[in-house]
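Chemist: Below is one structure. I have some questions about it.
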Amino acid sequence: MLKKALKALQNGEFVLMYDDEKRESETDMIIGAEFVGAKEVATMRNDAGGLICCCIHPEYCDSLGLPFMTDIMDVAKEKYPILGKLTPNDIPYDERSSFSVWANHRKTFTGITDNDRALTISKMAQMCKEERFNDFGKEFRSPGHVSLLRGADNLLKNRQGHTEISLAMGEMAGITPVTVVCEMMDGNTGEARSVADAEDYAEEHGLIFMDGNIVIEEYLKD
């Protein structure tokens, strides 16, 4: 199943990834950022409904100078004390948030349309792939409409969320390790889509449904 999932990522297809009932207990649609166009953004918006986030490999983040949002808040709290009180130190399923800044590509208009978000996402992957890290500020503006997530250092060795799972799969698939994740929601229950419903969606659309623990176990063998 893992080989099929990696092949799907190489082909620019979505993979449905369930993390763990002890974490978020959510299924995310994941895809390589370099393959994202307006159609893929629309699919995530319509069929998943969660937050469309762009995950960036920690080594790329170091080269870009892209921090965690909590690091920004820590630096700014002297001037804005409320930021110290807002520190997310009580997340029930994790020790740290992956959120960094929000961005738009400078050639977008509002940044929120499917076309605009696809441009921001695909250009982020292209810039990282070409290692044009000094162009980050030239090509992108912040705040924007695409949430950038910073993968934990050493990925799954330090954190085992969807961010790290998707980036690890990007590494394993040999694609640019900049990925997009979007949680699958259920408008009827107001909760995350159940595993059974996510599996049904995968079967209906010819997609791979994966248990994240399989990825974690394989990745940690190295």
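Chemist: From the set of residues in region 42-57 that are over 13 Å from the mean Cα position of the chain (by Cα) and part of a helix (DSSP H, G or I), which is surrounded by the fewest Cβ atoms within 10 Å (Cβ to Cβ)?
Modeler: Taking region 42-57 and keeping what is over 13 Å from the mean Cα position of the chain (by Cα), we get 42-43, 45-49.
Keeping just the survivors that are part of a helix (DSSP H, G or I) gives 42-43, 45-48.
On the way: Ala42: 15, Thr43: 17, Arg45: 14, Asn46: 9, Asp47: 15, Ala48: 22.
If we take residues in region 42-57 being over 13 Å from the mean Cα position of the chain (by Cα) and part of a helix (DSSP H, G or I), then Asn46 is surrounded by the fewest Cβ atoms within 10 Å (Cβ to Cβ).
Chemist: Among the residues in region 10-22, are any crowded, with 23+ Cβ neighbours inside 10 Å, within 18 Å of Gln126 (Cβ to Cβ) and of a type outside the set (A, V, I, L, M, F, W, C)?
Modeler: No.
Chemist: Restricting to region 82-129, and then to whatever is out of contact with any strand residue (DSSP E or B) (no Cβ under 6 Å at 6 or more places or on another chain), within 22 Å of Gly65 (Cβ to Cβ) and in contact (Cβ under 8 Å) with a residue 60 or more places away in the chain, can you tell me which residue is most open to solvent (accessible area, probe 1.4 Å)?
Modeler: Of everything passing the filter in region 82-129, Lys129 is most open to solvent (accessible area, probe 1.4 Å).
Chemist: Oh, and also: Being closer than 19 Å to Arg45 by Cα, among the charged types (D, E, K, R) and touching a Gly at 6+ places or on another chain (Cβ under 9 Å) is true for just one of Arg193, Arg159, Arg141. Which residue is that?
Modeler: On the way: Arg159 fails: closer than 19 Å to Arg45 by Cα; Arg141 fails: closer than 19 Å to Arg45 by Cα.
Every option except Arg193 fails the conditions.
Chemist: Consider only pairs whose beta carbons are under 8 Å apart and that are at least six residues apart or on different chains; among these, list those whose first residue lies in region 199-214 and is closer than 16 Å to Ala168 by Cβ and whose second residue is open to solvent by 40 Å² or more (accessible area, probe 1.4 Å) and of a type in the set (S, T, N, Q).
Modeler: Close Cβ pairs (under 8 Å, with a partner that is open to solvent by 40 Å² or more (accessible area, probe 1.4 Å) and of a type in the set (S, T, N, Q)) amount to Gly212/Gln160.
Chemist: Residues that are under 13 Å from the mean Cα position of the chain (by Cα) and within 21 Å of Arg117 (Cβ to Cβ), at least 1 per element: which strands (runs of 3 or more DSSP E) completely within region 131-213 meet that?
Modeler: Working: elements: 140-150, 178-183, 208-211.
Hits in region 131-213: 140-150, 178-183.
Chemist: Which ones in region 58-81 are open to solvent by less than 70 Å² (accessible area, probe 1.4 Å) and assigned to a helix (DSSP H, G or I)? Steps first, answer last, please.
Modeler: So the first thing to find is which residues in region 58-81 are open to solvent by less than 70 Å² (accessible area, probe 1.4 Å), and the list is 58, 60-61, 63-73, 76.
Hits for region 58-81 are Pro58, Tyr60, Cys61, Ser63, Leu64, Met69, Thr70, Asp71, Ile72, Met73, Ala76.
Chemist: If you don't mind, there's one more thing I want to ask. When you check Lys157 against the structure, is it open to solvent by 40 Å² or more (accessible area, probe 1.4 Å) and more than 25 Å from Arg96 (Cα to Cα), yes or no? Lay out the reasoning, then the answer.
Modeler: Working: open to solvent by 40 Å² or more (accessible area, probe 1.4 Å): yes; more than 25 Å from Arg96 (Cα to Cα): no.
For Lys157, the condition - open to solvent by 40 Å² or more (accessible area, probe 1.4 Å) and more than 25 Å from Arg96 (Cα to Cα) - is not met.
The values are calculated or read from the model by the stated rules, or taken from the named source; none is laboratory data. Here the structure is a predicted model, which means the values were calculated and not measured. With ideal geometry, Cβ positions are generated from the backbone for all residues, glycine too; neighbour counts draw on all protein chains shown. Please note that ligands, DNA and RNA were not included when accessible areas were found on the heavy atoms of the full protein model with its side chains. Shrake-Rupley method; radii C 1.70, N 1.55, O 1.52, S 1.80 Å.
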